[in-house]
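Peer 1: For reference, the structure I am asking about is given below.
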Amino acid sequence: MRDRYGTAEPILADKIGNLPINLSTPIARRAAFAQSASDIVREMIEILSNSEMAKADRLAIAGGMAGATLMENAGEAVAQAVSARHPGSRLVVLAGPGNNGGDGFVAARLLAARGYGVRLLLTGTLDKLKGDAAAAARAWGGEVATAKPDGLADTDLIIDALFGAGLDRPVSGLAQAMIEAVNAQPAPVIAVDLPSGINGTTGAVMGTAIKAKETVTFFRKKPGHLLMPGRAHCGKVLVAPIGIPDTVLANIHPQTFENVPELWRDQFAVPRTEGHKYDRGHAVVVSGPSWSTGAARLAARGALRAGAGLVTIASPREALAINAAANLAIMVRPVEGPAELARFLDDRRLNAVAIGPGLGVSDATCELVLEALTGERAVVLDADAITSFATAPQRLAAAIGRRGQKPTILTPHEGEFSRYFHALDPVTKAGSKLDRTRRAAALVGAVVVLKGPDTVVAGPDGRASIAANAPAFLATAGAGDVLTGITAGLLAQGMAAFEAASAAVWLHGEAAAAFGIGLIAEDLPEQLPPVYRALLG
């Protein structure tokens with residue numbers, strides 16, 4: 001049995017750089033390569049935890065794939081990645097005592113055969129290696145030196161095969177010293193499976209962790225490749241098929257996915273030639289007072305650019321002139337208090353409501369939110385719509401529960417999440433970001449979007465997506481308000497809640513990347529048209 005718990009996406013020329021497919025290698029002869037490249041890319045959205053990846057390994061072996069073959073293919077994938085971008089290098093393979101180290105031995109042997117100058121450093125002794133790793137060490141046949149921090153000098157590249165994704169305790173002793181020495185030297189690092197020191201399921205740094213330039217992982221990615229801080233240690237992640245058949249996923253039933261268009265494209269709202277604006281829904285954004293109308297206006301613009309046929313700002317009378325003067329295509333209506341909001345929303349054509357940005361934290365906000373949650377419409381709760389219930393969290397949870405299956409999405413950042421969900425249930429403090437978001441979604445029976453550089457979307461059915469496309473400059477005032485609007489705009493067009501939230505998060509990140517450095521929130525809606533053109537072809 002393997003203890004690697006690895007994941008991955010395929011090393012294919014049309015997906016990742018210029019990595020070649022060498023049909024003479026064992027990895028290229030496996031059944032995984034029988035599919036076309038486009039088929040493999042389309043299916044690589046599943047993310048497997050350490051335990052799920054271990055199960056995939058077991059199922060592959062039970063189906064007739066030898067563990068030694070999986071290790072050979074994994075080492076070949078690493079050697080292939082090195083050959084593609086680091087020709088003729090002097091390199092050090094840092095191997096650990098488990099199957100991750102075995103992958104390193106295979107890569108060392110294959111690279112030495114290709115003319116590389118290879119030094120192999122082992123943390124431990126050869127007699128402690130077991131099973132497939134011991135066999136790989138014997139096949140290496142070259143010198144094996146005891147790992148020492150000063151053994152990393154005079155190298156062009158380091159292959160990190162120290163620990164795999166299953167590391168669940170803080171590193172210490174020689175392993176810690178080696179990781180610190182790797183990070184202190186200038187040569188780039190290619191990590192096998194995950195940078196040593198990163199937990200594959202949580203993305204946590206287990207005391208200290210290697211900073212890699214590239215990571216080669218296997219079969220499917222893990223949460224640790226996408227969740228921070230793990231993602232920041234991985235560099236570019238390459239995913240290699242190593243012979244585990246996709247059919248094992250039917251027994252694993254993965255519930256976590258990378259947030260890419262393949263996840264939600266089938267539900268994406270595409271305008272029809274014969275359609276009209278009323279087919280594309282009518283989103284309402286509830287505005288705060290005159291001194292905080294910017295948040296609602298940003299959300300409304302986001303909803304309109306996201307494709308909603310009509311968008312209306314429900315505005316207090318004292319803010320009516322400001323909201324009206326600042327908008328052209330967006331309508332503005334005077335709506336004051338929960339009673340007027342109820343009468344306004346009686347129109348069933350108003351099928352999506354965004355509420356919270358700029359409203360203020362108050363009992364009055366609570367009343368508006370509770371009114372918005374009545375009826376059949378889809379509802380997006382953000383910012384003050386969530387925080388206002390921190391002193392009475394069950395009141396909001398109960399109102400959401402009464403909605404049943406009607407689309408409801410909460411979009412907190414970490415501060416809003418902690419203020420509300422920790423008050424609702426302290427258990428939401430524990431675990432990874434993925435765990436916490438899933439727990440929150442189950443508690444309230446709604447989709448929860450926990451924002452950040454690694455935004456997680458979780459549904460009450462257990463599904464979750466992790467986004468990795470948010471650039472650093474998306475952290476700017478008002479960006480979350482635009483995301484709220486984009487989400488409402490997609491809901492207005494009929495997308496289901498989990499898919500709408502995931503799509504909105506992805507579009508939000510792509511729009512920021514399209515603009516680049518210097519981004520402010522007002523730029524985000526205006527970058528959606530080129531993103532849509534690229535998405536829809």
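The values are calculated or read from the model by the stated rules, or taken from the named source; none is laboratory data. Model, not experiment: these values are computed from the prediction. Neighbour counts run over all protein chains shown; Cβ positions are idealised from the backbone, glycine included. The accessibility values were calculated without ligands, DNA or RNA, using every heavy atom of the protein model including side chains. Shrake-Rupley method; radii C 1.70, N 1.55, O 1.52, S 1.80 Å.
Peer 1: Quick one: residue 498 ticks every box in (1) surrounded by fewer than 20 Cβ atoms within 10 Å (Cβ to Cβ); (2) within 21 Å of residue 49 (Cα to Cα) except a single one, so which number is it?
Peer 2: Every listed condition holds for residue 498 apart from (1).
Peer 1: Please give the number of the condition residue 346 fails out of (1) out of contact with any Gly (no Cβ under 9 Å at 6 or more places or on another chain); (2) loosely packed, with under 15 Cβ neighbours inside 10 Å.
Peer 2: (1)
Peer 1: What's the number of the only condition in (1) open to solvent by less than 20 Å² (accessible area, probe 1.4 Å); (2) touching a strand residue (DSSP E or B) at 6+ places or on another chain (Cβ under 9 Å); (3) under 26 Å from residue 229 (Cβ atoms); (4) not basic (Lys, Arg) that residue 444 fails to meet?
Peer 2: Here residue 444 meets the rest and fails (3).
Peer 1: Now for a separate question. So if I check each of 92, 82, which one is touching a helix residue (DSSP H, G or I) at 6+ places or on another chain (Cβ under 9 Å), open to solvent by less than 40 Å² (accessible area, probe 1.4 Å), in contact (Cβ under 8 Å) with a residue 60 or more places away in the chain and not in a helix (DSSP H, G or I)?
Peer 2: It is 92.
Peer 1: Of the numbered conditions (1) assigned to a helix (DSSP H, G or I); (2) without any contact (Cβ under 8 Å) to a residue 40 or more places away in the chain; (3) open to solvent by less than 10 Å² (accessible area, probe 1.4 Å), residue 120 fails exactly one; give the number of that condition.
Peer 2: With (1) assigned to a helix (DSSP H, G or I); (2) without any contact (Cβ under 8 Å) to a residue 40 or more places away in the chain; (3) open to solvent by less than 10 Å² (accessible area, probe 1.4 Å) applied to residue 120, the lone miss is (1).
Peer 1: Further question on the same structure: Suppose the filter is under 26 Å from the mean Cα position of the chain (by Cα), open to solvent by less than 20 Å² (accessible area, probe 1.4 Å) and not basic (Lys, Arg); does residue 187 pass it?
Peer 2: Considered against the rule, which asks whether it is under 26 Å from the mean Cα position of the chain (by Cα), open to solvent by less than 20 Å² (accessible area, probe 1.4 Å) and not basic (Lys, Arg), residue 187 comes out as no.
Peer 1: Okay, next question. Looking only at residues in region 387-400 that are in a helix (DSSP H, G or I) and open to solvent by 50 Å² or more (accessible area, probe 1.4 Å), which one is nearest to residue 366 (Cα to Cα)?
Peer 2: Within region 387-400, the match that is nearest to residue 366 (Cα to Cα) is 395.
Peer 1: Note down all Cβ pairs under 7 Å where the first residue falls in region 520-534 and is surrounded by fewer than 20 Cβ atoms within 10 Å (Cβ to Cβ), the second is among the hydroxyl-bearing types (Ser, Thr, Tyr), and they're at least six residues apart or on different chains.
Peer 2: As it stands, the answer is 520/476, since those pairs meet every condition given.
Peer 1: For residue 215, are the conditions met, namely being touching a residue at least 24 places away in the same chain (Cβ under 8 Å), crowded, with 24+ Cβ neighbours inside 10 Å and either out of contact with any Pro (no Cβ under 6 Å at 6 or more places or on another chain) or of a type in the set (A, V, I, L, M) (or both)?
Peer 2: yes
Peer 1: Can you confirm whether residue 367 is open to solvent by 50 Å² or more (accessible area, probe 1.4 Å) and of a type in the set (Asp, Glu)?
Peer 2: yes
Peer 1: May I ask you to verify whether residue 365 is among the polar types (S, T, N, Q) and either closer than 23 Å to residue 506 by Cα or modelled with pLDDT under 95 (or both)?
Peer 2: no
Peer 1: Next question, about the same structure. Take the residues in region 325-343 that are open to solvent by 50 Å² or more (accessible area, probe 1.4 Å) and small (Gly, Ala, Ser), then tell me which one is nearest to residue 282 (Cα to Cα).
Peer 2: Across region 325-343, the extreme among qualifying residues is 329.
Peer 1: While we're looking at this one, here's another question. Residue pairs, Cβ under 6 Å, 6 or more apart or interchain, first in region 139-155 and touching a residue at least 40 places away in the same chain (Cβ under 8 Å), second polar (S, T, N, Q) and open to solvent by 30 Å² or more (accessible area, probe 1.4 Å). List them.
Peer 2: Pairs that qualify, where the first residue is touching a residue at least 40 places away in the same chain (Cβ under 8 Å) and the partner is polar (S, T, N, Q) and open to solvent by 30 Å² or more (accessible area, probe 1.4 Å), are 152/185.
Peer 1: On the basis of being of a type outside the set (A, V, I, L, M, F, W, C) and in contact with a Lys or Arg (Cβ under 8 Å, 6 or more places away or on another chain), does residue 312 make the cut?
Peer 2: The answer is yes for residue 312.
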